[in-house]
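Some notes on the structure that comes next.
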């Protein structure tokens with residue numbers, strides 16, 4: 001589903017352009033101008049923090065598209081030190097730094113849209129920013145509080161539980177978890193911000209300088225409904241509704257389900273305010289400009305590219321001379337282009353300091369890039385993504401940034417392998433923990449993602465842990481799926497053992513499937529190849545399916561480098577694991593430039 005209103009109808013007819021990038025106050029914003037006759041009201045999106053922000057990134061885009069079709073412009077942006085924004089040199093006090101970014105975003109939106117009134121649509125911690133912003137901005141017509149952080153202490157406790165669940169889901173050993181401060185999914189909240197959040201209590205608000213509020217209350221969180229009732233005591237017009245689909249939205253960006261019912265409620269509420277009398281000016285509007293953000297040793301330019309400007313990405317270039325090939329950093333699953341824990345951001349900037357340019361971008365229907373017309377809703381492991389990579393390479397070629405090499409983790413690693421086979425402009429390939437190099441198109445991607453198996457070694461370690469046993473007997477673990485996955489793993493190992501015995505016969509030794517055929521194609525072209533795996537990642541089972549136990553068959557491909565990282569999870573959470581990854585990407589970039 002591309003949308004749930006007017007945007008859905010337009011998407012059926014043609015592929016939509018990505019929102020227009022702008023830069024201001026050291027950050028990147030995405031301006032979605034009104035398509036229908038512009039209203040006097042525009043929407044400023046105020047995001048939650050951390051993992052929750054990554055999960056709702058696509059939701060924000062869909063809302064912005066539907067609002068644009070109704071004549072309502074909008075702007076979404078990254079707070080200082082988050083996403084694509086420059087790192088904060090001074091964290092400041094409390095949440096003031098993020099409030100200042102939001103204040104600059106409001107000024108930018110007014111200049112771009114000519115609106116006389118703003119509506120603030122917020123989620124999570126963004127609601128706190130919205131309440132503070134309303135005191136400093138004139139003509140705020142309303143605030144939408146989606147899953148608001150009413151009690152800071154309760155929120156931080158939720159984050160601690162959330163953090164442990166995410167790490168456990170990634171198979172990260174307890175000793176390798178990052179537990180300093182407030183950390184979730186490799187993202188750490190600034191200490192001063194965490195201290196300020198700890199003191200938050202929206203139930204103590206004695207005024208709110210807006211006439212209208214919408215509160216979407218999460219199921220099972222009575223504090224959300226209590227907050228709505230408190231706003232009513234302040235004399236505000238308050239609409240309260242259930243935030244249907246909240247848990248499915250924020251549980252995991254890979255399997256997130258867009259909350260269509262909630263989206264319709266938000267759009268209808270915004271529209272009800274936007275129809276109130278007012279005048280939108282079209283004279284003297286600012287032109288959207290995306291000037292480069294300048295950091296230490298790099299400059300980054302947000303841009304749109306591809307047919308009809310349908311894709312959004314960030315080009316990161318060295319401040320000095322280029323000394324390496326250009327890295328094309330592919331997204332993983334439905335994570336936004338900034339990467340898990342901002343991994344792609346930190347990698348791109350480190351590479352630039354070594355003279356290596358990079359492009360990170362969202363493929364179609366991921367994050368900030370709209371879906372491709374006629375493409376399936378599920379784009380992971382789809383051939384449609386090959387077109388996205390080809391258009392990214394077209395951009396690099398036009399800007400004289402070839403040679404290039406593709407870099408990806410998990411599903412991004414699969415896409416990198418397939419793209420390198422399809423496009424001779426890929427001079428190098430780095431895959432990290434790819435689940436597989438070949439996808440059976442008859443297999444359900446959704447089922448595979450929802451019940452993703454782990455390696456037998458990981459299952460073995462988990463079974464002897466008391467915490468796992470407690471969760472198993474408590475019904476918190478899908479025992480049936482786990483048993484099926486273990487049985488599948490054992491069966492595949494038995495099959496590999498039989499293949500070793502039969503491999504002595506020429507008919508079996510000569511067998512070649514699409515994976516080995518692909519590697520041979522790349523080897524003939526002289527593509528530089530590097531395979532990186534965490535020591536117990538499930539992807540190693542698939543590698544062994546193709547190359548035998550311990551990858552013995554890789555000896556026939558002497559130019560492939562295989563790196564195994566001990567005690568690392570699928571997402572390379574430990575800092576030392578990321579250093580290994582960065583070193584491989586850096587060294588390949590420098591090698592390819594010298595060919």
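Is the range 181-196 home to any residue that is within 18 Å of residue 133 (Cβ to Cβ) and either without any contact (Cβ under 8 Å) to a residue 24 or more places away in the chain or over 30 Å from the mean Cα position of the chain (by Cα) (or both)? Within the range 181-196, none of the residues are within 18 Å of residue 133 (Cβ to Cβ) and either without any contact (Cβ under 8 Å) to a residue 24 or more places away in the chain or over 30 Å from the mean Cα position of the chain (by Cα) (or both).
Every residue, every condition in (1) crowded, with 22+ Cβ neighbours inside 10 Å; (2) under 29 Å from residue 446 (Cβ atoms); (3) assigned by TED's automatic domain parsing to the domain that holds residue 87; (4) at pLDDT 95 or above, yes or no:
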position	(1), (2), (3), (4)
315	yes, no, no, yes
326	yes, no, no, yes
330	yes, yes, no, yes
337	yes, yes, no, yes
354	no, no, no, yes
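The strands (runs of 3 or more DSSP E) found wholly in the range 197-312 and carrying at least 1 residues that are buried (at least 20 other Cβ atoms within 10 Å of the Cβ) and in contact (Cβ under 8 Å) with a residue 60 or more places away in the chain occupy 212-217, 293-295, 298-305.
Applying the condition of being more than 25 Å from the chain's Cα centre (by Cα) and crowded, with 24+ Cβ neighbours inside 10 Å to the range 36-53 and asking which residue is farthest from residue 186 (Cα to Cα) yields 39.
For the range 154-172, does any single residue satisfy the condition of being assigned by TED's automatic domain parsing to the domain that holds residue 32, surrounded by 22 or more Cβ atoms within 10 Å (Cβ to Cβ) and under 17 Å from residue 45 (Cβ atoms)? Among the residues of the range 154-172, not one is assigned by TED's automatic domain parsing to the domain that holds residue 32, surrounded by 22 or more Cβ atoms within 10 Å (Cβ to Cβ) and under 17 Å from residue 45 (Cβ atoms), which makes the answer no.
Residue 381 fulfils the conditions (1) touching a strand residue (DSSP E or B) at 6+ places or on another chain (Cβ under 8 Å); (2) in a loop (DSSP other than H, G, I, E, B); (3) closer than 20 Å to residue 426 by Cα except for a single criterion, (1).
Here residue 423 meets the list (1) farther than 30 Å from residue 257 by Cα; (2) within 21 Å of the chain's Cα centre (by Cα) almost entirely, failing just condition (2). No other residue among 192, 163 is closer than 30 Å to residue 570 by Cβ and assigned to a helix (DSSP H, G or I) apart from 163.
Quick check, is residue 569 in a loop (DSSP other than H, G, I, E, B) and touching a helix residue (DSSP H, G or I) at 6+ places or on another chain (Cβ under 9 Å)? Here the answer is yes, as residue 569 does meet what is asked.
Among all positions in the range 384-393, there is no residue which is touching a strand residue (DSSP E or B) at 6+ places or on another chain (Cβ under 6 Å) and without any contact (Cβ under 8 Å) to a residue 24 or more places away in the chain.
Scanning the range 356-365 for residues that are touching a strand residue (DSSP E or B) at 6+ places or on another chain (Cβ under 8 Å) and either assigned to a loop (DSSP other than H, G, I, E, B) or modelled with pLDDT under 95 (or both) turns up 356, 357, 363, 364.
Per-residue answers, yes or no, for (1) at pLDDT 95 or above; (2) assigned to a helix (DSSP H, G or I); (3) in contact with a strand residue (DSSP E or B) (Cβ under 6 Å, 6 or more places away or on another chain); (4) over 21 Å from residue 419 (Cβ atoms):
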{"position": "517", "(1), (2), (3), (4)": "no, yes, no, no"}
{"position": "521", "(1), (2), (3), (4)": "yes, yes, no, no"}
{"position": "529", "(1), (2), (3), (4)": "yes, no, yes, no"}
{"position": "542", "(1), (2), (3), (4)": "no, yes, no, no"}
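Confirm whether residue 375 is within 24 Å of residue 437 (Cα to Cα) and in a loop (DSSP other than H, G, I, E, B). Taking the combined requirement at face value, the residue satisfies it. Can you confirm whether residue 427 is under 19 Å from residue 523 (Cα atoms), at pLDDT 95 or above and either surrounded by 22 or more Cβ atoms within 10 Å (Cβ to Cβ) or in the same structural domain as residue 59 (by TED's automatic domain parsing) (or both)? For residue 427, the condition - under 19 Å from residue 523 (Cα atoms), at pLDDT 95 or above and either surrounded by 22 or more Cβ atoms within 10 Å (Cβ to Cβ) or in the same structural domain as residue 59 (by TED's automatic domain parsing) (or both) - is met.
Do we find that residue 144 is assigned by TED's automatic domain parsing to the domain that holds residue 242, on the phi < 0 side of the Ramachandran plot and surrounded by 23 or more Cβ atoms within 10 Å (Cβ to Cβ) in this structure?
yes
Within the range 189-217, can you find the residues that are within 15 Å of residue 127 (Cα to Cα), modelled with pLDDT of 95 or more and touching a strand residue (DSSP E or B) at 6+ places or on another chain (Cβ under 9 Å)? Those that are within 15 Å of residue 127 (Cα to Cα), modelled with pLDDT of 95 or more and touching a strand residue (DSSP E or B) at 6+ places or on another chain (Cβ under 9 Å): 200, 201, 202, 203, 208, 210, 212, 213, 214, 215, 216, 217.
The values are calculated or read from the model by the stated rules, or taken from the named source; none is laboratory data. Remember, it's a predicted structure, so these values are computed and weren't measured experimentally. Ideal geometry is used to build each Cβ from the backbone, glycine not excepted, and the neighbour counts take in all protein chains shown.
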